[in-house]
Structure formats: C-alpha cells, structure tokens
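Heads up: the structure comes next, in structure tokens.
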Amino acid sequence: MESPLLQSRGAVAADAPDQEIAAHYGEPMHEQRALEAGEAFVDRSNRGVIRVDGPDRLRWLHSLVSQHLEGLRPDEPTQALLLSPNGHIEHHMHLVDDGEAVWMHVEPGTAPELAGFLDRMRFMLRVEVHDLSGEYAVVTGPGEGVATFPDVAGAVTRIVPRDGLAPGDLRPAGIWAYEALRIAARVPRFGLDTDHRTIPHEAGLIGTAVHLNKGCYRGQETVARVHNLGRPPRRLVMLHLDGSVDRLPAHGDPVEIPGGRAVGFVGSAARHHELGPVALALVKRNVPVDADLLAGGVAAAQEVVVSPDTGANAQIDLRRTAANRA
C-alpha cells in the first residue's frame, strides 16, 4: 500500500523493501538531525500490523515464540522471534499487550504469512488473529498511538490509525533518516541484515528478542546449543566505510578480506550525520576483529557488535580418574 506522503513536496521513493514510502523529502541530513532531536516523524506505514485478541493470547504466543510472554505486563513493549525448526529466524516481531489485545508490527510484506501461520496454530484456544495492515500504520516520532515502542536514538515508534499518519506539527523525515540512526545504534533489521540461515546469536538478538529461561518453542534446541557451546557460524559487525567514495555498498554486496576472499555480506548501509557512511554486515565468526575489509569494493573498518566468543556458557569439568592419571 503506497503511502499518501509520497505525494508530498520533495518526496523521493525509497528502494525495496521500502519502495512504498519516502527515502527523504529533499534534505536527508536535516531530516536525520530533526528526527534525533524529536522534531520530526518517519512514515513507516509499509510495515505490517497484526492484532491478537482473546484471553489465551499471551499463554498461546508464549508457546510459539522465543520471548517469555506469559507474565507480560500491560503496555510493556518487547520483541520476539518466530524460528524455524532448525533455529533460523523466520519473523521478527515488535509487540505490546494493551491489556485487551497484543499489537505487533513486522517487516513489510511479512504480515500475511505470519498472520496465516498464527491462525493455523490456534487450535481450540480462545484467540483471534487479525492482519490490520490496511487500517493501521507504523510511525516513528513523538506522539501517541494504540501501541508505543521505544526505538533508536530516543525515538518512539507508534501504531496509529492510517488517517492519523501525518502529525501536523512535525516535519516529515524519510526512511533514510531512521535507517542511519538504526545502523549507528547497531540494531539489525530482519530481512536486510539477516538471511534465511541467520540464527539469533549471529544477529545479537539474545536477551532482546530471545529469553533463555522459558519452556519449549520451535527452534529452541539451536538456541540452547549455541548458548552452551558457542561457535555460531557468523557474527554481526558495524562497518565504518571509506568516506572518500561517493557510493554506498548495496544490500547483498560481498564483504571481502584483502586478496578477494568473501567472508560475508552487506546488510544495510547509510550516511550518518556524524559518523559518516556506515553499514551492518554478517561476516564469518573467525574473521579477525581487526582485519581491514572491503564492502562491495569500499574499504571498511569493522566494529564488533557480536563477539566471536558469543555463547559458550557451559562449564565443562573434565575429571580424570586415578587410573587415567596413572
């Protein structure tokens, strides 16, 4: 659903997956500073909105996703993942319970699939799943909504009726402004900074979207194994890119070490008003943390987001018997 704000003066459409909203309105750096100062809003109405009603909603969702939801208090926002049986991330949800229903927002284009899966899993429980993406929209910036979530750089993300998309007293900022602040905050975005093989430890989502002390859920075995033994195949890094180059690496561009060997891929990239050009990337776990890299051919220095030693929390005590010692 294309946002009506794309018809605003100066609006330039973003690239996929955000092609239905504005990248900027003519002043990308000013918009970024205004958003950080709480003086602008970002139209993120391409994101999906799902509501789950019914008295069994929290207990039921708790059994399906990676987060502990049974005791979730009203108006307490959290995040959760739906994992595959092998522990790969299939959906990333930002959700809050208002005391009567759970509201969640998800990546563009993913709400129908997620709502369909949830609907098939209801069985005899007292829950109802509604994809309300056509009636409600996601906005980042000051104000109120039916659900609110803390976000990067002190901003607040809200779910609002679509007819309340544009607050009249704030200037619009494009998605470029939000993405620059998100990357600088080292927050990965599902589908851009992840791929179909990404597991939670690789993206630094343990604690944020994964609760380590809860009952069984799909994909839990992979989470537990990596938490106890470590060694996830890849790790998230932030890249500080060569500012003398007049382009940013594209999503999916290879990350290479000198000599041309590919060690990962670029997720998202943006120009930050203070840090300059930055990006997030997934690289192989064993890439040295001080190695110089090339991201889509652009020289880059890496900053560790996920430690190569993430996980490995098991305390293994190997006791030798008297016979072995002899």
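The values are calculated or read from the model by the stated rules, or taken from the named source; none is laboratory data. Not measured: the values here are computed from a predicted model. We place every Cβ from the backbone using ideal geometry, glycine too, and count neighbours over all the protein chains shown. These area figures cover heavy atoms from the full protein model, side chains too; ligands, DNA and RNA do not enter into them. Shrake-Rupley method; radii C 1.70, N 1.55, O 1.52, S 1.80 Å.
Numbers at a glance
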{"read-out": "Filtered GluC sites (Glu not before Pro), region 77-147: DSSP coil and at most 13 other beta carbons within 10 Å", "value": "Glu100, Glu135, Glu144"}
{"read-out": "Long-range HN-HN contacts of Glu90 with modeled amide H, under 5 Å", "value": "Leu82, Leu83, Ser84"}
{"read-out": "Per residue value of the accessible surface for region 7-121 (all protein chains in place, 1.4 Å probe), Å²", "value": "40"}
{"read-out": "Cα coordinate range in the chain, projected on the principal axes (Å, largest first)", "value": "82, 59, 29"}
{"read-out": "3J(HN,Hα) from dihedral phi, region 190-206, Karplus parametrisation 6.51/-1.76/1.60, rounded to Hz, x for glycine, proline", "value": "4, x, 10, 9, 10, 9, 5, 9, 5, 10, x, 4, 5, 9, x, 9, 5"}
{"read-out": "Given charges at beta-carbon only (K, R positive; D, E negative), |dipole| of the chain in Debye", "value": "1540"}
{"read-out": "Cut-off 10 Å between beta-carbons: net charge of the residues surrounding Arg231, Lys and Arg +1, Asp and Glu -1", "value": "+1"}
{"read-out": "Heavy-atom accessible surface of region 233-305: percent carbon and sulfur, 1.4 Å", "value": "52"}
{"read-out": "Positive-pole candidate from Pro232, Phe41, Gly297, dipole of the chain, charges at beta carbon", "value": "Pro232"}
{"read-out": "With every protein chain in place, region 1-138: carbon and sulfur % of accessible area (1.4 Å)", "value": "48"}
{"read-out": "Neighbour count of at most 12 Cβ within 10 Å plus DSSP loop: longest trypsin sites (Lys or Arg not before Pro)-free window in the chain", "value": "127-246"}
{"read-out": "Rounded accessible area per residue of region 233-305, 1.4 Å, Å²", "value": "44"}
{"read-out": "Farthest positive-ward along the chain dipole, Cα basis, beta-carbon charges - from Met121, Val96, Pro308", "value": "Pro308"}
{"read-out": "Karplus-derived HN-Hα couplings along region 43-52 (A = 6.51, B = -1.76, C = 1.60, θ = phi - 60°), whole Hz, x at Gly and Pro", "value": "6, 10, 6, 7, 6, x, 10, 10, 10, 10"}
{"read-out": "Amide H contacts under 5 Å for Ala13, placed H, 5+ residues apart", "value": "Ala23"}
{"read-out": "Sparse-neighbourhood loop sites, chymotrypsin sites (Phe, Trp or Tyr not before Pro) in region 29-138 - DSSP loop, at most 14 other Cβ within 10 angstrom", "value": "Phe123"}
{"read-out": "Dipole in debye (nearest 20) - region 233-305, about Cα centre, beta carbon charges: Lys, Arg +1; Asp, Glu -1", "value": "340"}
{"read-out": "Accessible area (Å², 1.4 Å probe, nearest 10) - Tyr217", "value": "20"}
